[in-house]
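Here's the structure, in structure tokens; my notes come after.
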Amino acid sequence: MANPKYKSAYEIVKTARSGQRPTGIDMINGCFTDFIELHGDRYFSDDRAIIGGLALLYDIPVTVIAIEKGHTLKERTEHGFGAPQPEGYRKALRLMRQAEKFKRPIICFVDTSGAYCGIDAEERGQGSAIAANLYEMIGLKVPIISVFIGEGGSGGALALAVADKVWMLENAVYSVISPEGCASIIWKDIKKAETAAEYLKMTAYDALELGVADEIISENGLGGDEFYTMLKDKLKAAADELTAFDGLADARYKRFRKFGSYDEITIETEEHK
Amino acid sequence: MSNLPNVPFLKFIYKPKNELEKGGRTEIPAPRQSSEPERRCPNCYKSVPLSKISANMSMCGCGYHFRMTARQRISLICDTFEELWPGVVSNDPLGFPGYVKKLDTVKVASGELEAVVCGKAEIDSQPCCVFIMESYFMMGSMGSAVGEKITRLFEYATMNRLPVVGFTVSGGARMQEGLLSLMQMAKTSGAVRRHSEAGLFYLTVLTDPTMGGVTASFAMEGDIIIAEPGAMVGFAGPRVIEQTTGKTLPKGFQLAESLLEHGFVDAIIPRPEQKEKIGKLLMMNKAVN
Ligand SMILES: [Zn+2]
């Protein structure tokens, strides 16, 4: 809600969705050198909505995983509009396990309206694939940094964001449901999406306030050389800091363990027969 | 659909939609005399008196499984049950419009304070921890309180070296709590993992319906995953899929039987057999100390 640019939450949502912003592949090209793409989940196919592989972050090898939306209609179609299939999540998990084996930091770029929603995706276990990523990521012994560069849609985004550090670009969003979906459920009126966006607290500033995001990345010169140098330096510093830290998996569990807001009232425990 | 267990309920999937479709009217049920409340069975279309349903494990005579409350399930499955953390309840962290009022209404209507009941139990003489989600409380949606109770249960079970049996029913994450409800997916998954790493057994029983963020977290993380006949289980909702893709959904889509066919559940176990089978699974999956 509150943000220095005085945009409404829904304006930020629209910015996050605009095809003008750098995509996952742009981020990979901007922040790393020697990127080698690795394809496929080894079970079924290669989902083009998730791009993964190896690259150098200055002099250190890292595993890079990015959701790609594409710029042109042709690219967007090729990359399934950035809505990953179960195979995308399984490929990501395969690469993350590989990173753990070779003790490489993992860097994820998140930009999705959500996991792909379709008959085939359901039949191949979309829920199961996301669950497997959450379950594995929370226990990985190597650093994980997730950067939200556009949309962060629900479980489909979280499946690449059970991380030690979660950063969000100024105009990135992160939400449990799209404002349109929320509006149509609560008010049976999709036109109330603007109101829903405010209440869902889905901007980077809201996520920071909730502790879900650790840092907001300035979009000054977004997509330009200076921007990438800034992001690259930040990633390197964070990767070094986390690599030096023993007990990452414990810290990551504690990071997620603390989320939630509830009351605890006193009740007599009943016995049921 | 060849490897399906022989459950009469399965006829539901292929059933003609009306009497004429199956070749003319046969028996016309005589109008009932009693004024007892009834429910229409979506499988055999008969109206069944509520007393008959509840006397039959909330099932129709044809085998259709109606939804049950969490407390009904406890009495059906558990020999003993001692509830844990009944006082952990939702507040309204985001000031979401109508949420507090909604919570008050469903508390009265369901008789529960939250969408999950957790406790220590014995099932067929096997000690374990149990969570049962409550469909009558905001469709079993997972907010902070649900996530916290389930996480505590796994932590408690890990500390006391007990297996966990979980009955899931949920529409998914509770959107009124925004990102905090989404985070419960990662939080519960972490607790499940720690329990598993301690060499302990986790059994999930998927009941109708289990959707969204619950499917995409602890519901699908069991060592063994069983389902009730006809339970709808999925990530995206069927209507959303239909609207987004413009495709007609195949028969039996997202039903437990389809998940079995596609390899995502271990077995479908009807209610009358659940207690004994769960007891056996607990017995055969004892942790090696
Ligand atoms: Zn029936």
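The values are calculated or read from the model by the stated rules, or taken from the named source; none is laboratory data. This is a predicted model, so every value here is computed, not measured. Positions of Cβ are generated from backbone atoms using ideal geometry, with glycine treated the same way; all protein chains shown enter the neighbour counts. All accessible areas refer to the heavy atoms of the entire protein, side chains included, with ligands and DNA or RNA removed. Shrake-Rupley method; radii C 1.70, N 1.55, O 1.52, S 1.80 Å.
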Place a point 7 Å from the Cα of A:ASP120 in the direction of its beta carbon; the residues of region A:73-102 whose amide N falls under 19 Å from it are A:74-92
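Taking 0.36 nm per residue of sequence separation and subtracting the Cα-Cα distance, how much length would be gained by fully extending the chain between B:LEU76 and B:GLU242, in nm to one decimal?
56.1 nm
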Output ordering of B:176-184, B:258-266 (per-residue mean of other Cβ within 10 Å, highest first) is B:176-184, B:258-266
Among B:LYS187/B:LYS275; A:LYS201/B:LYS251; A:LYS74/A:LYS201; A:LYS234/B:LYS149, the pairs whose Cα-Cα distance exceeds 31 Å are A:LYS201/B:LYS251; A:LYS74/A:LYS201; A:LYS234/B:LYS149
With every protein chain in place, the residues of region A:170-218 shedding 50 Å² or more of accessible area versus the chain by itself (probe 1.4 Å) are A:VAL176, A:ILE186, A:TYR199, A:LEU210
Between A:THR33 and A:GLU194, the two model label points (7 Å from Cα along the beta-carbon direction) sit apart by a distance in nm of 4.9
In Å², rounded to a whole number, the accessible area per residue of region B:67-284 with probe 1.4 Å is 31
Note: B:LYS277 to B:HIS262 extended length (0.36 nm per residue) minus current alpha-carbon separation gives 3.2 nm
In chain A the accessible area split gives carbon plus sulfur, as whole percent at 1.4 Å, a share of 53
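Find the accessible area per residue for region A:9-262; the probe is 1.4 Å, ligands and nucleic acids are left out, and the unit is Å². Could you put the intermediate results ahead of the total?
On the way: 9520 Å² over 254 residues.
Value for region A:9-262: 37 Å² per residue.
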Out of A:ALA207, A:ILE119, A:GLY82 - ranked by how far each Cα lies towards the positive end of the dipole of the protein assembly as shown, with unit charges on the beta-carbon of charged residues - the top one is A:ILE119
A:TYR6 and B:THR105 label points (each 7 Å along its Cα→Cβ direction) are spaced in nm at 3.8
Rounded to two decimals, the Debye log10 I(q)/I(0) of the protein assembly as shown (Cα scatterers, no solvent) at q = 0.06, 0.10, 0.11 Å⁻¹ is -0.30, -0.83, -1.00
Cross-link reach from A:LYS101 to lysines, straight Cα distance under 22 Å and at least 8 residues apart if same chain, gives A:LYS91, A:LYS141, A:LYS165, A:LYS236
By the C-alpha gyration tensor axes a ≥ b ≥ c (rounded if a/c is under 1.5, else prolate when a/b exceeds b/c, else oblate), the shape of region A:9-262 is rounded
With no solvent term and unit scatterers on the alpha-carbon positions of chain B, Debye gives log₁₀ I(q)/I(0) at q = 0.10, 0.13, 0.14 Å⁻¹ of -0.56, -0.94, -1.08
In vacuo Debye sum over C-alpha of region A:1-105, base-10 log of normalised intensity I(q)/I(0) at q = 0.21, 0.24 Å⁻¹, listed in q order, is -1.06, -1.20
The simple spin-label model distance between A:LYS141 and A:PHE102, using points 7 Å out along Cα→Cβ, in nm, is 1.8
